[in-house]
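**Q** Dropping a structure here in C-alpha coordinates format, bear with me for questions.
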Amino acid sequence: MNAPAGGVQVIARAAQILRALEGQPRWLSLAQLADVVGLPRSTVHRIVSALIAEGFLASASPSGRVRIGPEFARLAWTGTAELWRSVEPFMQRIHDQLGETVDCSILDGHRVRVIHVIPTRHELRAIADVGATFPLHSTSKGRAMLAVYDRPAARRMLPADLERYTPKTVTTIDGVLLAIDQARQTGVALDLEESTMGICAAAIAVREPSGVLLAISVPVPVQRYECLADKIIRVLGEVRKETLTAFGDAAAE
(Lines give C-alpha, C1' and ligand atoms only; values in the text may rest on other atoms or scores of the structure.)
Protein backbone atom coordinates (compact mmCIF):
# COMPACT_ATOMS: atom_id res chain seq x y z
CA MET A 1 0.00 0.00 0.00
CA ASN A 2 1.34 3.46 -0.86
CA ALA A 3 2.16 5.81 2.00
CA PRO A 4 -0.32 8.66 2.50
CA ALA A 5 0.76 11.86 0.79
CA GLY A 6 1.06 15.50 1.77
CA GLY A 7 -0.63 16.70 4.91
CA VAL A 8 -2.05 13.28 5.73
CA GLN A 9 1.47 11.84 5.76
CA VAL A 10 2.63 14.56 8.14
CA ILE A 11 -0.26 13.80 10.50
CA ALA A 12 0.56 10.09 10.40
CA ARG A 13 4.20 10.81 11.23
CA ALA A 14 3.24 13.19 14.03
CA ALA A 15 1.07 10.42 15.48
CA GLN A 16 4.06 8.06 15.32
CA ILE A 17 6.14 10.52 17.30
CA LEU A 18 3.45 11.06 19.93
CA ARG A 19 2.99 7.30 20.36
CA ALA A 20 6.73 6.84 20.71
CA LEU A 21 6.73 9.31 23.61
CA GLU A 22 3.67 7.79 25.32
CA GLY A 23 4.55 6.46 28.77
CA GLN A 24 8.22 7.42 28.48
CA PRO A 25 9.53 8.29 31.99
CA ARG A 26 12.42 10.32 30.53
CA TRP A 27 12.82 13.01 27.90
CA LEU A 28 13.93 11.62 24.50
CA SER A 29 16.44 13.22 22.15
CA LEU A 30 15.65 13.78 18.47
CA ALA A 31 18.14 11.04 17.58
CA GLN A 32 16.39 8.59 19.93
CA LEU A 33 12.99 9.52 18.48
CA ALA A 34 14.27 9.09 14.93
CA ASP A 35 15.51 5.61 15.80
CA VAL A 36 12.22 4.61 17.43
CA VAL A 37 9.94 5.81 14.62
CA GLY A 38 12.32 4.99 11.77
CA LEU A 39 12.30 8.46 10.19
CA PRO A 40 15.15 10.77 9.17
CA ARG A 41 16.28 13.07 11.96
CA SER A 42 15.56 16.14 9.80
CA THR A 43 11.96 15.00 9.35
CA VAL A 44 11.58 14.33 13.09
CA HIS A 45 13.07 17.75 13.87
CA ARG A 46 10.59 19.52 11.58
CA ILE A 47 7.55 17.72 12.99
CA VAL A 48 8.73 18.03 16.60
CA SER A 49 9.26 21.79 16.16
CA ALA A 50 5.68 22.18 14.92
CA LEU A 51 4.31 20.09 17.80
CA ILE A 52 6.28 22.14 20.33
CA ALA A 53 4.91 25.37 18.83
CA GLU A 54 1.37 24.05 19.35
CA GLY A 55 2.07 22.82 22.87
CA PHE A 56 1.69 19.11 22.05
CA LEU A 57 5.34 18.50 22.93
CA ALA A 58 7.59 20.19 25.47
CA SER A 59 11.30 20.84 24.92
CA ALA A 60 14.09 20.63 27.49
CA SER A 61 16.29 23.28 25.87
CA PRO A 62 19.19 23.47 25.24
CA SER A 63 19.49 19.66 25.23
CA GLY A 64 16.83 19.26 22.55
CA ARG A 65 15.11 16.43 24.41
CA VAL A 66 11.31 16.33 24.30
CA ARG A 67 8.32 14.81 26.01
CA ILE A 68 4.51 14.99 25.75
CA GLY A 69 3.42 18.61 26.27
CA PRO A 70 0.67 20.30 28.29
CA GLU A 71 -1.75 20.82 25.40
CA PHE A 72 -1.86 17.11 24.63
CA ALA A 73 -2.55 16.38 28.30
CA ARG A 74 -5.23 19.08 28.44
CA LEU A 75 -7.13 17.66 25.47
CA ALA A 76 -6.84 14.13 26.84
CA TRP A 77 -8.13 15.33 30.22
CA THR A 78 -11.09 17.11 28.59
CA GLY A 79 -12.13 13.84 26.99
CA THR A 80 -12.15 11.90 30.27
CA ALA A 81 -13.15 14.45 32.89
CA GLU A 82 -16.89 13.73 32.67
CA LEU A 83 -16.70 9.93 32.72
CA TRP A 84 -17.53 9.93 36.43
CA ARG A 85 -21.10 11.12 35.83
CA SER A 86 -22.44 7.63 35.09
CA VAL A 87 -21.03 6.26 38.36
CA GLU A 88 -21.76 9.25 40.57
CA PRO A 89 -25.06 7.77 41.92
CA PHE A 90 -23.12 4.69 43.06
CA MET A 91 -20.42 6.90 44.59
CA GLN A 92 -23.07 8.87 46.43
CA ARG A 93 -24.64 5.70 47.81
CA ILE A 94 -21.25 4.59 49.14
CA HIS A 95 -20.68 8.02 50.64
CA ASP A 96 -24.13 8.04 52.30
CA GLN A 97 -23.61 4.60 53.84
CA LEU A 98 -20.05 5.09 55.03
CA GLY A 99 -19.71 8.84 55.57
CA GLU A 100 -16.19 8.69 54.12
CA THR A 101 -14.48 10.18 51.09
CA VAL A 102 -15.29 8.43 47.80
CA ASP A 103 -13.25 9.09 44.66
CA CYS A 104 -13.26 7.96 41.04
CA SER A 105 -10.14 7.37 38.92
CA ILE A 106 -9.07 6.36 35.41
CA LEU A 107 -5.99 4.57 34.13
CA ASP A 108 -3.16 6.90 33.14
CA GLY A 109 -0.13 4.90 31.99
CA HIS A 110 1.54 3.27 35.01
CA ARG A 111 -0.63 5.41 37.29
CA VAL A 112 -4.27 6.21 38.03
CA ARG A 113 -5.71 9.73 37.85
CA VAL A 114 -8.50 11.02 40.11
CA ILE A 115 -11.36 12.57 38.10
CA HIS A 116 -14.04 13.09 40.77
CA VAL A 117 -14.23 13.25 44.56
CA ILE A 118 -17.09 13.29 47.09
CA PRO A 119 -15.34 14.40 50.31
CA THR A 120 -16.12 13.25 53.83
CA ARG A 121 -17.40 15.71 56.39
CA HIS A 122 -15.03 14.42 59.06
CA GLU A 123 -12.38 16.88 60.18
CA LEU A 124 -9.79 14.10 60.06
CA ARG A 125 -10.02 13.10 56.44
CA ALA A 126 -8.31 11.31 53.57
CA ILE A 127 -8.86 13.10 50.28
CA ALA A 128 -7.10 13.48 46.93
CA ASP A 129 -7.37 16.45 44.59
CA VAL A 130 -9.02 15.99 41.22
CA GLY A 131 -6.23 15.52 38.69
CA ALA A 132 -3.84 13.93 41.20
CA THR A 133 -2.15 10.70 40.07
CA PHE A 134 -1.22 7.63 42.09
CA PRO A 135 0.79 4.46 41.37
CA LEU A 136 -0.89 1.29 40.17
CA HIS A 137 1.06 -1.14 42.32
CA SER A 138 0.51 0.28 45.81
CA THR A 139 -3.00 1.75 45.68
CA SER A 140 -6.36 0.06 46.02
CA LYS A 141 -7.61 1.90 42.93
CA GLY A 142 -4.69 0.71 40.84
CA ARG A 143 -4.96 -2.87 42.06
CA ALA A 144 -8.72 -2.94 41.47
CA MET A 145 -8.16 -1.97 37.84
CA LEU A 146 -5.31 -4.44 37.36
CA ALA A 147 -7.50 -7.22 38.77
CA VAL A 148 -9.84 -6.83 35.79
CA TYR A 149 -7.05 -8.24 33.60
CA ASP A 150 -5.53 -11.71 33.72
CA ARG A 151 -2.22 -12.18 35.53
CA PRO A 152 0.08 -11.88 32.47
CA ALA A 153 -1.67 -8.70 31.31
CA ALA A 154 -1.54 -7.18 34.79
CA ARG A 155 2.17 -7.99 34.95
CA ARG A 156 2.80 -6.16 31.67
CA MET A 157 0.98 -3.08 32.96
CA LEU A 158 3.23 -2.74 36.00
CA PRO A 159 6.39 -0.61 35.74
CA ALA A 160 9.75 -2.36 35.92
CA ASP A 161 10.68 -0.62 39.17
CA LEU A 162 8.12 -0.58 41.98
CA GLU A 163 8.72 2.46 44.13
CA ARG A 164 8.51 2.24 47.92
CA TYR A 165 6.24 4.93 49.38
CA THR A 166 6.00 3.72 52.97
CA PRO A 167 7.61 0.95 55.02
CA LYS A 168 4.54 -1.17 54.19
CA THR A 169 4.70 -0.81 50.39
CA VAL A 170 5.01 -4.12 48.56
CA THR A 171 7.81 -3.63 46.02
CA THR A 172 8.18 -7.11 44.51
CA ILE A 173 6.31 -8.10 41.37
CA ASP A 174 5.23 -11.40 42.92
CA GLY A 175 3.93 -9.64 46.02
CA VAL A 176 1.90 -7.13 44.02
CA LEU A 177 0.53 -9.85 41.74
CA LEU A 178 -0.58 -11.78 44.83
CA ALA A 179 -2.48 -8.71 46.09
CA ILE A 180 -4.06 -8.36 42.63
CA ASP A 181 -5.02 -12.06 42.66
CA GLN A 182 -6.77 -11.54 45.99
CA ALA A 183 -8.62 -8.51 44.60
CA ARG A 184 -9.66 -10.55 41.56
CA GLN A 185 -11.14 -13.22 43.83
CA THR A 186 -12.98 -10.88 46.21
CA GLY A 187 -13.83 -8.03 43.83
CA VAL A 188 -12.40 -5.49 46.30
CA ALA A 189 -8.77 -4.31 46.33
CA LEU A 190 -7.01 -3.02 49.45
CA ASP A 191 -4.21 -0.61 50.33
CA LEU A 192 -3.23 -0.81 53.99
CA GLU A 193 -0.90 2.18 54.43
CA GLU A 194 1.12 1.18 51.37
CA SER A 195 0.83 4.52 49.60
CA THR A 196 0.54 6.91 52.55
CA MET A 197 1.18 6.18 56.21
CA GLY A 198 -1.99 6.67 58.22
CA ILE A 199 -4.29 6.06 55.22
CA CYS A 200 -6.01 2.81 54.28
CA ALA A 201 -8.25 2.37 51.24
CA ALA A 202 -10.49 -0.12 49.47
CA ALA A 203 -11.61 0.03 45.84
CA ILE A 204 -13.65 -1.65 43.12
CA ALA A 205 -13.27 -1.49 39.34
CA VAL A 206 -16.24 -0.51 37.16
CA ARG A 207 -16.67 -0.24 33.41
CA GLU A 208 -18.95 2.70 32.69
CA PRO A 209 -21.45 2.38 29.79
CA SER A 210 -18.97 3.35 27.04
CA GLY A 211 -16.58 0.63 28.27
CA VAL A 212 -13.96 2.84 29.97
CA LEU A 213 -12.49 1.26 33.08
CA LEU A 214 -12.88 3.28 36.29
CA ALA A 215 -12.02 2.69 39.92
CA ILE A 216 -14.21 3.79 42.82
CA SER A 217 -12.24 3.96 46.05
CA VAL A 218 -12.79 4.82 49.69
CA PRO A 219 -9.69 6.23 51.43
CA VAL A 220 -9.96 6.40 55.23
CA PRO A 221 -7.63 7.46 58.06
CA VAL A 222 -6.31 4.32 59.72
CA GLN A 223 -7.93 5.26 63.04
CA ARG A 224 -11.42 4.85 61.53
CA TYR A 225 -10.59 2.15 58.98
CA GLU A 226 -9.97 -0.46 61.66
CA CYS A 227 -13.60 -0.15 62.78
CA LEU A 228 -15.10 0.31 59.32
CA ALA A 229 -13.12 -2.24 57.27
CA ASP A 230 -15.77 -4.96 57.13
CA LYS A 231 -18.54 -2.49 56.30
CA ILE A 232 -16.47 -0.77 53.60
CA ILE A 233 -15.71 -4.08 51.90
CA ARG A 234 -19.35 -5.17 52.13
CA VAL A 235 -20.75 -1.91 50.73
CA LEU A 236 -18.23 -1.82 47.89
CA GLY A 237 -18.99 -5.43 47.02
CA GLU A 238 -22.72 -4.69 46.88
CA VAL A 239 -22.19 -1.63 44.70
CA ARG A 240 -19.91 -3.57 42.36
CA LYS A 241 -22.68 -6.11 41.76
CA GLU A 242 -25.16 -3.28 41.15
CA THR A 243 -22.91 -1.69 38.53
CA LEU A 244 -22.60 -5.01 36.71
CA THR A 245 -26.38 -5.15 36.53
CA ALA A 246 -26.80 -1.48 35.63
CA PHE A 247 -24.12 -1.32 32.93
CA GLY A 248 -24.61 -4.81 31.50
CA ASP A 249 -22.08 -6.12 29.01
CA ALA A 250 -19.86 -3.02 29.09
CA ALA A 251 -19.23 -3.49 32.81
CA ALA A 252 -18.67 -7.22 32.55
CA GLU A 253 -16.06 -7.19 29.76
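**Q** Being among the charged types (D, E, K, R) and closer than 23 Å to residue 235 by Cα, is that true of even one residue in segment 154-173? Even if it seems obvious, please write down each step before you answer.
**A** Of all residues in segment 154-173, those among the charged types (D, E, K, R) come to 155-156, 161, 163-164, 168.
From the residues that got through so far, the ones that are closer than 23 Å to residue 235 by Cα too are none.
No; the residues of segment 154-173 include none that is among the charged types (D, E, K, R) and closer than 23 Å to residue 235 by Cα.
**Q** Quick one: residue 66 ticks every box in (1) modelled with pLDDT of 95 or more; (2) under 29 Å from residue 159 (Cβ atoms) bar one, so which box is it?
**A** Residue 66 satisfies all of (1) modelled with pLDDT of 95 or more; (2) under 29 Å from residue 159 (Cβ atoms) except (1).
**Q** Another question, then. Is it the case that residue 125 is within 18 Å of residue 192 (Cα to Cα) and crowded, with 21+ Cβ neighbours inside 10 Å?
**A** In short, no.
**Q** While we're looking at this one, here's another question. May I ask you to list the residues in segment 200-212 that are of a type in the set (A, V, I, L, M, F, W, C) and surrounded by fewer than 20 Cβ atoms within 10 Å (Cβ to Cβ)?
**A** Hit for segment 200-212 is 212, nothing else.
**Q** A further question follows. Those residues that are at pLDDT 90 or above, loosely packed, with under 15 Cβ neighbours inside 10 Å and not in a helix (DSSP H, G or I), I need them from segment 15-44; list them, please.
**A** Those that are at pLDDT 90 or above, loosely packed, with under 15 Cβ neighbours inside 10 Å and not in a helix (DSSP H, G or I): 38, 40.
**Q** Looking only at residues in segment 150-192 that are polar (S, T, N, Q) and within 20 Å of residue 134 (Cα to Cα), which one is surrounded by the fewest Cβ atoms within 10 Å (Cβ to Cβ)? Break it down into steps so the answer makes sense when it comes.
**A** To start, the set of residues in segment 150-192 that are polar (S, T, N, Q) comprises 166, 169, 171-172, 182, 185-186.
From what's left, within 20 Å of residue 134 (Cα to Cα): 166, 169, 171-172.
Values: 166: 14, 169: 19, 171: 14, 172: 10.
Among residues in segment 150-192 that are polar (S, T, N, Q) and within 20 Å of residue 134 (Cα to Cα), the one surrounded by the fewest Cβ atoms within 10 Å (Cβ to Cβ) is 172.
**Q** Next question, about the same structure. Going through segment 69-97 one residue at a time, which ones are among the basic types (Lys, Arg) and modelled with pLDDT under 85?
**A** First, pick out the residues of segment 69-97 that are among the basic types (Lys, Arg): 74, 85, 93.
Hit for segment 69-97 is 74, nothing else.
The values are calculated or read from the model by the stated rules, or taken from the named source; none is laboratory data. Keep in mind it's a predicted model, so treat the numbers as computed, not measured. Glycine also receives a Cβ, built like all others from the backbone with ideal geometry; neighbour counts cover every protein chain displayed.
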